[in-house]
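Read through the structure below, which is laid out as structure tokens, and then see the notes.
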Amino acid sequence: MRWSKTLIPTLKENPADAEVISHKLLVRAGYIRQISRGVYDYFPLALRVIRKIERIVREEMDRAGAQELLMPICSPAELWQESGRWEMYGKELIRFKDRHERDFCLGPTHEEIVTDLVRRSVRSYRELPFNLYQIQTKFRDEVRPRFGLMRGREFVMKDAYSFHADVEDCRREYDNMVQTYKRIFSRCGLTFRPVEADTGAIGGNQSHEFQVLAESGEDGVVSCNSCDYAANLEKAEVKARRPAARDIAAESPKLEKVSTPGKKSVAEVAAFLKLPADKFIKTLVYKTDGDQLIAALVRGDHEINELKLRAVLKSKELALADESAVAAAAGVVPGFLGPIGLRLRTIADLGIHGMRGVVTGANEPDAHFIEVDQERDFTPSAFADLRLAVTGDPCPRCEQGTLETHRGIEVGQVFYLGTKYSEAMGATYLDAEGRERAIEMGCYGIGISRMVAAAIEQNHDANGIIWPVSIAPFQVLLLPINYKDKAIRAAADKLYEELLQNGVEVLLDDRDERPGVKFKDADLIGIPLRVTIGAKGLEKGCIELRRRQDGKTEEIPVGESAKKLQTLLTQAGQT
Ligand code: ATP
Ligand code: MG
């Protein structure tokens, strides 16, 4: 491709609304432009990257035995009503009416559509198993679309759904997909981690996410420094540390009420009493199903994991109760709450068990208790794992490891669904004995357009993008210093043709621009190999080859350059 004929609208400045580097660079380097919040145009360079990723995804899905199909983006409400998700999905599901006043939505994911397709096509166990996938635009009316392609409203996803006669076969396919995903993300040049995950709105009972490790990631991820345990922070288990054996002879000092005027947060009271945050018990009041209030206790330096709390309470609704509701139920505002004498059902984190010499609110304004001894002073209704894991926690799987925390970008997720959708929608088959049974299902997603952003978050420098070779929009950038110069032009055109003939993806910067502009743009758009053709080099019969990744340059004779480039690309696993 010739640059002069390609739309690559590079900018000098970062867009004002961009927070993360991939968003800044994608806009500045002429890859994308926003047309509405979370909705983007993909310029030719971006589309080439997307197509590269799609190709790898197709090759690996096909190799794994899956088949590609295409389902409609727009689907009727009835299917979503059958599964119950028309009610459950909330505002993320974008809905509209057709001219006959019938309800429709744009697919945020396709479990309902594919389950309907399968129930209309499959009769017998002989037709199972199979795995169907598509690559398609999805729409989710996200509350906070942001970070460019990382969290859009319209985005490209690969979604796959597998159908099986029994649990064992479905588990086999789940593992097959985990292996396939590892191959896909490795081939795309990403550094990633498969982690145990919550199943969220999709449902089901087992799930892994594939997290690209990057500081800008929206997800917290923990991993063990000794075994291969890794989990999304919201899913990460916390192993209870055994409380130190209690010395019965050593009695705790007497419980004492102290005045803490206007000091509410743990940080405020800790500073006031000159005690560290881990010497506090935090009391939080939540509203659950049926507007019931419950209190949850965690150590002052820990955070509640609301997913865990929700699971323990078996409550669909869960939100911090507002101040007036707390005051009405407990007689005191949040900040001075504590478990001693509290008239609410109380669930305590495992870490609270056996705490002594600690501080809690005294359930009256401007007062706290000190020298609280849990076993002596209060008994919660239950102890449970309620908190978010932190760096240094013991690994829940092995004896010697401790947990490390990272930030991650979720680029893919696999779910073991079981019969959640097949039962709700009547997708059944007849087994060998002629009995009707619900089909076992799994589903498997990859955020193709999010991967474009994730790759940049991991591969860039101060000057621009550094594409992994396998997903770069072009493999080679030819940069004639002055394309008007006859000799330079002849050499550039010749090399361009030669590379094209050998199937190399090459972009020729034939623009009439100053060399400085061309070099800057070259770094910005991030093509892995740059070939500079200038008068000085040509006098010696040479061109300059520069690798974007490490800036290494070498001079090579013009005649050998096509071959040399191909060798390098083969080495990088690509021709
Ligand atoms: P998230 O937790 O980030 O909102 P999700 O778990 O809801 O994502 P899935 O239903 O698992 O998403 O969808 C499969 C994949 O689609 C995700 O792993 C992610 O890579 C991608 N994806 C999901 N939402 C978006 C979005 N708003 N923009 C871009 N990609 C997305
Ligand atoms: Mg997900």
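The values are calculated or read from the model by the stated rules, or taken from the named source; none is laboratory data. Just so you know, these numbers come straight off a predicted model, no measurement behind them. Cβ atoms come from the backbone with ideal geometry, glycine included; neighbour counts cover every protein chain shown. For accessibility, only protein heavy atoms count, side chains too; no ligands or nucleic acids. Shrake-Rupley method; radii C 1.70, N 1.55, O 1.52, S 1.80 Å.
If each residue of separation counts as 0.36 nm, what is the full-extension length gain between Ser36 and Gln136 once their alpha-carbon separation is subtracted?
On the way: separation 100, 0.36 × 100 = 36.00 nm, distance 1.95 nm.
In short, 34.1 nm is gained.
Could you estimate the translational diffusion coefficient of the stretch 1-160 from the Stokes-Einstein equation, with Rh from the Kirkwood formula over C-alpha pairs, at 20 °C and 1.002 mPa s, in whole µm²/s?
Rounded, D is 118 µm²/s.
Contact order normalised by length for the stretch 430-526, with contacts defined as Cα pairs under 8 Å and 6 or more residues apart; what percent is it?
Result for the stretch 430-526 is 29 percent.
Evaluate the distance, in nm, between pseudo-label points positioned 7 Å from the Cα of Glu19 and of Asn463 along their respective Cα→Cβ axes.
Rounded to a tenth, the inter-label distance reads 3.0 nm.
Rounded to the nearest 20 debye, what is the charge dipole size of the stretch 485-527 about its Cα centre when +1 sits on each Lys and Arg Cβ and -1 on each Asp and Glu Cβ?
Working: 7 positive and 11 negative charges, 34 e Å.
The calculated dipole for the stretch 485-527 is roughly 160 debye.
May I ask you to evaluate 6.51 cos²θ - 1.76 cosθ + 1.60, the Karplus curve with θ = phi - 60°, for each residue of the stretch 461-468 and list the ³J(HN,Hα) values in order in whole Hz, giving x for glycine and proline?
For the stretch 461-468, the Karplus-derived couplings read 9, 4, 9, x, 7, 10, 5, x Hz, x marking Gly and Pro.
Based solely on its DSSP helices, what 222 nm [θ] is calculated for the chain when runs of n ≥ 4 H residues each add -39,500 (n - 2.57) and the sum is averaged over all residues, nearest 500 deg cm²/dmol?
Rounded to the nearest 500, it is -8000 deg cm²/dmol.
Can you compute the label reach from Ser259? Point 7 Å from Cα along the Cβ direction, backbone N cut-off under 13 Å, restricted to the stretch 350-377.
366-368
Check the cysteines of the chain one by one and keep only those with no other cysteine Cβ under 4.7 Å from their own.
Within the chain, the cysteines lacking a partner Cβ under 4.7 Å are Cys74, Cys105, Cys170, Cys188, Cys443, Cys542.
At 10 °C and 1.306 mPa s, grab the translational diffusion coefficient of the stretch 124-184 from Stokes-Einstein with a Kirkwood Rh over Cα pairs, rounded to a whole number in µm² per second.
Diffusion coefficient, whole number: 114 µm²/s.
How large is the Kirkwood hydrodynamic radius of the stretch 435-497, in angstrom, based on all distinct alpha carbon pairs?
16.3
Can you give me the pair-distance distribution of the stretch 165-315, C-alpha pairs, 5 Å bins, whole percents?
Per 5 Å bin, starting at 0, the Cα pair percentages come out as 2, 6, 10, 13, 14, 14, 12, 9, 8, 5, 3, 3, 1, 0.
Taking a temperature of 37 °C and a viscosity of 0.692 mPa s, what whole-number D in µm²/s does Stokes-Einstein yield for the stretch 258-415 with Rh from Kirkwood over alpha carbon pairs?
On the way: Rh = 16.6 Å.
Value of D from the Cα-based Kirkwood radius: 197 µm²/s.
Evaluate the relative contact order of the chain (contact order divided by residue number), counting alpha-carbon pairs under 8 angstrom at least 6 apart; express in whole percent.
Reported as a whole number, the value is 17 percent.
Relative to the Cα centre, what is the charge dipole magnitude of the chain, using +1 at the beta carbon of each Lys and Arg, -1 at the beta carbon of each Asp and Glu, and rounding to the nearest 20 debye?
1460
Write out the GluC sites (Glu not before Pro) in the stretch 99-160 meeting two conditions: DSSP loop, and at most 15 other Cβ atoms within 10 Å of their Cβ.
The qualifying sites are Glu101.
Report the accessible area of Phe336, computed with a 1.4 Å probe over the heavy atoms of all protein chains in place, in Å² rounded to the nearest 10.
Phe336 has an accessible surface of roughly 10 Å² with all protein chains in place.
Ignoring any ligand, DNA or RNA, what whole percent of the accessible area of the stretch 6-83 comes from carbon and sulfur when the probe is 1.4 angstrom?
On the way: 1970 of 3820 Å².
It is 52 percent, rounded to a whole number.
What do you get for Rg/Rh over the stretch 386-437 if you use C-alpha atoms and the Kirkwood form of Rh?
Numbers: Rg = 20.5 Å, Rh = 15.8 Å.
Result: Rg/Rh = 1.30.
Protein chains only, probe 1.4 Å: how do Arg387, Arg450, Arg193 rank by accessible area, largest first?
Largest to smallest exposure gives the sequence Arg193, Arg450, Arg387.
How big is the accessible area of Phe415 in square angstrom, nearest 10, if you roll a 1.4 angstrom probe over the protein chains?
In the full protein context, Phe415 sits at about 10 Å².
Want the number for Ala487 to Leu307: 0.36 nm per residue separation, take away the alpha-carbon distance, what's left?
58.1 nm
Please compute, over every Cα-Cα pair in the stretch 100-152, the percentage with a separation greater than 15 angstrom.
65
Taking the Cβ-Cβ separation of Ala267 and Glu375 as r and a Förster radius of 35 Å, what is the calculated FRET efficiency to the nearest 0.05?
Details: r = 27 Å, r/R0 = 0.77.
The value I calculate is 0.85.
Can you give the local net charge around Ala66? Use residues other than it whose beta-carbon is closer than 12 angstrom to its beta-carbon, Lys and Arg +1, Asp and Glu -1.
Here the count lands on -3.
Considering only the other residues whose Cβ falls under 15 Å of the Cβ of Pro129, what net charge follows from Lys and Arg at +1 and Asp and Glu at -1? If you can, show how the numbers build up before the last one.
On the way: positive: Arg123, Arg126, Arg171, Arg172, Arg437; negative: Glu127, Asp166, Glu168, Asp169, Glu173, Asp175, Asp431, Glu440.
Residues near Pro129 contribute -3 overall.
Calculate, in nm to one decimal, what Glu87 and Leu47 gain on full extension: separation in residues at 0.36 nm each, minus their alpha carbon distance.
10.9 nm
Taking N as the number of residues in the chain, what is its Cα Rg relative to 2.2 N^0.38 Å? Display every interim value, and only then the final one.
Working: Rg = 29.5 Å, N = 575, 2.2 N^0.38 = 24.6 Å.
Normalised Cα radius of gyration, the chain: 1.20.
Show the residues, 5+ positions off or on another chain, whose built amide H is closer than 5 Å to the amide H of Asp385.
Counting only residues 5 or more places away or on other chains, the set is Leu350.
What list of ³J(HN,Hα) couplings, whole Hz, do you get for the stretch 157-162 from phi and the Karplus terms 6.51, -1.76, 1.60, once you set θ to phi - 60° and write x for glycine and proline?
10, 9, 10, 10, 9, 10
Read phi for every residue in the stretch 8-20 and hand back ³J(HN,Hα) as whole Hz from Karplus 6.51 cos²θ - 1.76 cosθ + 1.60, θ = phi - 60°, with x for Gly and Pro.
10, x, 6, 10, 7, 10, 6, x, 5, 8, 8, 9, 9
Run through all the Cα pairs of the stretch 505-551 and give the fraction in each 5 Å bin from 0, expressed as whole percent.
5, 18, 29, 27, 17, 4
One quarter of the convex hull surface, Cα atoms only: what value does that give for the stretch 458-575 in nm²?
Here the figure is 6.7 nm², rounded to one decimal.
At each listed q (0.22 Å⁻¹), what is the log10 of I(q)/I(0) that the Debye formula gives for the stretch 45-109 modelled as equal alpha-carbon point scatterers?
With no solvent term, the Cα-only Debye profile gives -0.88.
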